[in-house]
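A.B. asks: Below: one structure in structure tokens.
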Amino acid sequence: MKTLARWVKRAVLGLLVLCLALFVPIAYTETACRPAGSPVSLQPILPPAHHRPESRTLLTYPEWHIVHAYEDYARVIETGDPHEYGFINGIAGFWGSLCALSRSAGQLGPVDLETKQMVYVIGVSFTAELLLKAAYEETIGRAFAVLRGPARAPLDDLSAAQAKAYAAFLQQIPWYKWDFRRDATALADAEGMGVRDTERRVALGLEYRAKAAYADVIAAAVAQTGNDALTLRMIVTGMEAQTLSAIDGVTVIGARPEGIEIETPRYRALTLLIEKLAAGGVEFVEIAGNDDIMFTILSPDPVYPGAIDSLNRQGFEDYRHLVMIRIADLGESLRGLKGSAARLEHIHDY
């Protein structure tokens, strides 16, 4: 009994240490990454009902960092093993970029409490998930990869395909809507009887089912609070209303002295749409009541002029750069990427 009590005490102590460790990055961000500068007062064109806090263009990135981390992970295990992915680098990238973005947010106005809470919650969840995954893949997972030998097992390829599909899904749809149970069932039903196949079937099956249960909780919570808006409005010039209305995803609201007011989808669809509009000569006057916006660029160079932060992409031979510009310069900036080594990755709305 004394031995059992001692181990229980150690387990509780370990859990407390883990919890404290997970909250250290939050404390650091709150104390060492304070917003710098002060916002410039705006006179928005769009009515208040269509405004979104400008600081969100920066603080939507941490959620996308997680999306990109899954993309990097999928790329690594496409030809390699999970233990080859740098889990700690993925975690450090999240909190490091959040620190840089928090400092820059001072130029765009206050960060609302809801957004800050959301960023911290997903940051802690992401950190805990990657630490747990690292603890397994760097030990037991690595051992079974050694037992398997250099040739990939069937379930290595299946799990890599699942990771790639999941990463693509996250570009437009919230993670909790992914069917993790379907992936677990696919692993259970797949052919492959080697030791690595059995290990992948059990380990990833448990992971997927745990994520499915957590996703159910999050989906229920979102249903209670309501989903975020799926569209936004902007003012544009340089293209006739009739031509704009013919573009899939664009709804023309009406003409204003400053330009044409349109409504568009958000998230990944917005990036593709803005890129298309810019290529057609459209200039952007205002988006969601704001005059600044951030986008990410991919390039082979480790630095980019004016970037808020730059990060190496695991599994890829390039870098991601976080760049904030005036909305009035957005069209010209995107057109300027044509023919260069850099390419647009994502435009961060609000």
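The values are calculated or read from the model by the stated rules, or taken from the named source; none is laboratory data. None of the values given here were measured: they were computed from a predicted structure. In this analysis, Cβ positions are derived from the backbone assuming ideal geometry, glycine residues included, and neighbour counts consider all displayed protein chains.
A.B. asks: Can you tell me which of 243, 296 is in contact with a helix residue (DSSP H, G or I) (Cβ under 8 Å, 6 or more places away or on another chain) and either on the phi > 0 side of the Ramachandran plot or not assigned by TED's automatic domain parsing to the domain that holds residue 72 (or both)?
C.D. replies: Values: 243 fails: in contact with a helix residue (DSSP H, G or I) (Cβ under 8 Å, 6 or more places away or on another chain).
None of the others qualify; the one that does is 296.
A.B. asks: Hey, any hits in the range 312-321 for a residue that's out of contact with any Cys (no Cβ under 6 Å at 6 or more places or on another chain), surrounded by fewer than 19 Cβ atoms within 10 Å (Cβ to Cβ) and not in a loop (DSSP other than H, G, I, E, B)?
C.D. replies: yes
A.B. asks: Of the residues that sit in the range 302-324 and are without any contact (Cβ under 8 Å) to a residue 40 or more places away in the chain and out of contact with any strand residue (DSSP E or B) (no Cβ under 7 Å at 6 or more places or on another chain), which one is farthest from residue 235 (Cα to Cα)?
C.D. replies: So, considering only residues that are without any contact (Cβ under 8 Å) to a residue 40 or more places away in the chain and out of contact with any strand residue (DSSP E or B) (no Cβ under 7 Å at 6 or more places or on another chain), the one farthest from residue 235 (Cα to Cα) is 317.
A.B. asks: Quick one: residue 168 ticks every box in (1) assigned by TED's automatic domain parsing to the domain that holds residue 269; (2) surrounded by 14 or more Cβ atoms within 10 Å (Cβ to Cβ) except a single one, so which number is it?
C.D. replies: It is condition (1) that residue 168 fails.
A.B. asks: Another question, if that's okay. Taking the conditions exactly as written (surrounded by 20 or more Cβ atoms within 10 Å (Cβ to Cβ), hydroxyl-bearing (Ser, Thr, Tyr) and under 27 Å from the mean Cα position of the chain (by Cα)), does residue 225 satisfy them or not?
C.D. replies: no
A.B. asks: Going through the range 119-137 one residue at a time, which ones are free of Cβ contacts under 8 Å to residues at least 24 places away in the same chain and under 14 Å from the mean Cα position of the chain (by Cα)?
C.D. replies: Passing the criteria: 121, 125.
A.B. asks: Would you check which residues across the range 263-301 are touching a strand residue (DSSP E or B) at 6+ places or on another chain (Cβ under 7 Å), more than 21 Å from residue 71 (Cα to Cα), assigned to a loop (DSSP other than H, G, I, E, B) and not hydrophobic (A, V, I, L, M, F, W, C) and list them?
C.D. replies: 291
A.B. asks: Between a first residue in the range 206-230 that is more than 18 Å from residue 122 (Cβ to Cβ) and a second residue that is surrounded by 12 or more Cβ atoms within 10 Å (Cβ to Cβ) and acidic (Asp, Glu), which pairs have beta carbons less than 6 Å apart while being 6 or more apart in sequence or on different chains?
C.D. replies: Qualifying pairs under 6 Å: 208/183.
A.B. asks: Which members of the range 180-200 meet the condition of being among the acidic types (Asp, Glu), within 14 Å of residue 156 (Cβ to Cβ) and buried (at least 16 other Cβ atoms within 10 Å of the Cβ)?
C.D. replies: 197, 199
A.B. asks: How many residues does the range 78-94 contain that are surrounded by fewer than 22 Cβ atoms within 10 Å (Cβ to Cβ) and either at pLDDT below 95 or assigned to a helix (DSSP H, G or I) (or both)?
C.D. replies: Within the range 78-94, residues that are surrounded by fewer than 22 Cβ atoms within 10 Å (Cβ to Cβ) and either at pLDDT below 95 or assigned to a helix (DSSP H, G or I) (or both) number 8.
A.B. asks: Can you go through 341, 328, 279 and tell me which one is surrounded by fewer than 17 Cβ atoms within 10 Å (Cβ to Cβ) and in contact with a Pro (Cβ under 6 Å, 6 or more places away or on another chain)?
C.D. replies: Sole residue among the options that is surrounded by fewer than 17 Cβ atoms within 10 Å (Cβ to Cβ) and in contact with a Pro (Cβ under 6 Å, 6 or more places away or on another chain): 341.
A.B. asks: Name the single residue, out of those in the range 322-350 being of a type in the set (A, V, I, L, M, F, W, C) and part of a strand (DSSP E or B), that is farthest from the chain's Cα centre (by Cα).
C.D. replies: Among those residues, the one meeting the criterion is 325.
A.B. asks: May I ask you to list the residues in the range 17-55 that are part of a helix (DSSP H, G or I) and closer than 16 Å to residue 350 by Cα?
C.D. replies: Correct list: 48, 49, 50.
A.B. asks: Under 6 Å between Cβ atoms, which residue pairs at least 6 apart in sequence (or on different chains) link something in the range 80-93 that is touching a residue at least 12 places away in the same chain (Cβ under 8 Å) with a partner that is among the β-branched types (Val, Ile, Thr) and crowded, with 19+ Cβ neighbours inside 10 Å?
C.D. replies: Filtered contacts from the range 80-93: 85/76; 91/127.
A.B. asks: Oh, and also: Within the set of pairs 6 or more residues apart or between chains, which connect a residue that is of a type outside the set (A, V, I, L, M) inside the range 103-118 to a residue that is buried (at least 16 other Cβ atoms within 10 Å of the Cβ) and in a loop (DSSP other than H, G, I, E, B) with Cβ atoms less than 6 Å apart?
C.D. replies: Final answer for the pair search is 103/33; 104/308; 106/35; 109/54; 109/55; 112/53.
A.B. asks: Which condition number does residue 248 fail, the rest of (1) in contact (Cβ under 8 Å) with a residue 24 or more places away in the chain; (2) loosely packed, with under 13 Cβ neighbours inside 10 Å being met?
C.D. replies: Just one mismatch for residue 248, condition (1).
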